[in-house]
Amino acid sequence: MAIETQKRWLSRSLIALAASAVYLYAYPSATISFGIVVLFHVAAGIVFSVLLGLALFRLLRSEGLLARFGWIFLAVGAILGVVLIVIILYAPNGLIGLRQRYGQRGGH
């Protein structure tokens, strides 16, 4: 995939992520539409993370200093998002199962 095509898809998925994040922040509620937007946000985040992972090193070589910092910050955010997804999916009883292994503390 050419770098321009990757940048185009990265910008599209970033716009979709920003729009869904604004909706999720502005209208927090336990509704079906909110759940659908959460799932969309997760899917768009995964697509963005994969595309960014494929294009990051080429982008860092071809961009200026300020753009490099921007891409690095986006990569850090993508890594944190993937870590959050993994924790939520694979550790429903707490952070990597620690709560289940050691029990809850503090009388909860």
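Just so it is clear, none of the values below were taken in a lab; they were calculated from the coordinates. As the structure is a prediction and not an experimental result, all values here were calculated from the model. In this analysis, Cβ positions are derived from the backbone assuming ideal geometry, glycine residues included, and neighbour counts consider all displayed protein chains.
Taking the range 57-79, which residues are out of contact with any helix residue (DSSP H, G or I) (no Cβ under 6 Å at 6 or more places or on another chain), of a type outside the set (Asp, Glu) and closer than 17 Å to residue 2 by Cα?
57, 61, 62
Return the residues of the range 45-78 that are without any contact (Cβ under 8 Å) to a residue 24 or more places away in the chain and of a type in the set (Val, Ile, Thr); say none if nothing qualifies.
Once the filter is applied, which keeps residues that are without any contact (Cβ under 8 Å) to a residue 24 or more places away in the chain and of a type in the set (Val, Ile, Thr), the range 45-78 yields 50, 72, 76.
For the range 1-13, what are the residues that are under 17 Å from residue 60 (Cβ atoms) and buried (at least 16 other Cβ atoms within 10 Å of the Cβ)?
6, 7, 10
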